[in-house]
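A.B. asks: This is the structure, below, for whatever I ask next.
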Amino acid sequence: MAFFKKQTLTRLLPVLAPLFLVTSPGVSNAQDAAEGPKPWTKICTQNKQTKKDICLVSQEIRSANGQFLASVAVREIDGDENRSLLISVPPGMLLQPGIQFKVDENEPRPVKYGICFQKYCYSELPIKKDVIDELKGGNNLTVTTFSQQGKAIGFELTLTGFTATYDGDPIDPAAVQAQREKAQQEMAEKAQQARDNLIKMQQEATQ
């Protein structure tokens, strides 16, 4: 199985209509004490019609050159025990096998594709509290999709910081946008540096 693992900043998927966070106290996990990056982001807004808060706890991973690989989000709405797990993967995958996700070495759960856009395909799975508890108790979340040749492709997301983010306060969406712009600028600078180094090497080779 081809495998990708790259932690990056999260972003709010434009196609997601969030639901609200219902915290689940009493679930402990050593992951929150571990040092390291906290790639999960919690953003909340209010539905203007229902006046209920909606929250999205999400993580996105990209390759070293900024290419989108996968994203996972938990979506909840105030006062509603129902939750949704939202998964996005790159387009061009086999649709019939669907997507699988699993926590650590637990049994994989199947997810059907919902809709595909130009840059990613999107799926949604209704979940209960047991899945939230599983995410809180895990170390890694693996999303598996299948290429057109039927080859399994796995994307690994860290669960480090999920519990703290899920149970914590949301952040300002403007802060997320600022982080995204900073990350994009850093990737652009690295790409320019790589081009400059290549030109320098070519010039030295012709001298």
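A.B. asks: If you check residue 163 against the conditions, is it over 25 Å from residue 65 (Cα atoms) and touching a residue at least 12 places away in the same chain (Cβ under 8 Å)?
C.D. replies: yes
A.B. asks: Against the conditions (1) modelled with pLDDT under 90; (2) under 15 Å from the mean Cα position of the chain (by Cα), where does residue 79 fall short? Just the number, please.
C.D. replies: Condition (2) is where residue 79 drops out.
A.B. asks: Can I ask one more? Please pick out the residue among 154, 138, 150 that is assigned to a strand (DSSP E or B) and assigned by TED's automatic domain parsing to the domain that holds residue 79. Outline the logic, then answer.
C.D. replies: On the way: 138 fails: assigned to a strand (DSSP E or B); 150 fails: assigned to a strand (DSSP E or B).
So the residue among 154, 138, 150 that is assigned to a strand (DSSP E or B) and assigned by TED's automatic domain parsing to the domain that holds residue 79 is 154.
A.B. asks: For the range 122-175, how many residues meet the condition of being among the small types (Gly, Ala, Ser), surrounded by fewer than 16 Cβ atoms within 10 Å (Cβ to Cβ), closer than 24 Å to residue 90 by Cα and out of contact with any Ser or Thr (no Cβ under 7 Å at 6 or more places or on another chain)?
C.D. replies: Of the residues in the range 122-175, 2 are among the small types (Gly, Ala, Ser), surrounded by fewer than 16 Cβ atoms within 10 Å (Cβ to Cβ), closer than 24 Å to residue 90 by Cα and out of contact with any Ser or Thr (no Cβ under 7 Å at 6 or more places or on another chain).
A.B. asks: Turning to a different aspect of this structure: Look through 164, 183, 194, 174 and report the one residue that is modelled with pLDDT of 75 or more, of a type in the set (Gly, Ala, Ser), assigned to a helix (DSSP H, G or I) and farther than 26 Å from residue 136 by Cβ.
C.D. replies: So the residue among 164, 183, 194, 174 that is modelled with pLDDT of 75 or more, of a type in the set (Gly, Ala, Ser), assigned to a helix (DSSP H, G or I) and farther than 26 Å from residue 136 by Cβ is 194.
A.B. asks: With 87, 153, 132 as the choices, which residue is of a type in the set (Val, Ile, Thr) and more than 24 Å from residue 67 (Cβ to Cβ)?
C.D. replies: 132
A.B. asks: If you don't mind, another one. Please enumerate the residues belonging to the range 109-126 that are closer than 17 Å to residue 76 by Cβ and touching a helix residue (DSSP H, G or I) at 6+ places or on another chain (Cβ under 9 Å).
C.D. replies: Selection gives 125 alone.
A.B. asks: Among the charged types (D, E, K, R), in the same structural domain as residue 40 (by TED's automatic domain parsing) and in a helix (DSSP H, G or I): is that true of residue 130 in this structure?
C.D. replies: Yes.
A.B. asks: If you don't mind, another one. Enumerate the pairs (first residue in the range 177-201 and not assigned by TED's automatic domain parsing to the domain that holds residue 58; second residue anywhere and basic (Lys, Arg) and surrounded by 11 or more Cβ atoms within 10 Å (Cβ to Cβ)) with beta-carbon separation below 8 Å, excluding pairs fewer than 6 apart on the same chain, so at least 6 apart or on different chains.
C.D. replies: From the range 177-201, the pairs are 180/11.
The values are calculated or read from the model by the stated rules, or taken from the named source; none is laboratory data. Owing to the predicted nature of the structure, the values given are computational and were not obtained by experimental measurement. Positions of Cβ are backbone-derived with ideal geometry, glycine not excepted, and every protein chain shown enters the neighbour counts.
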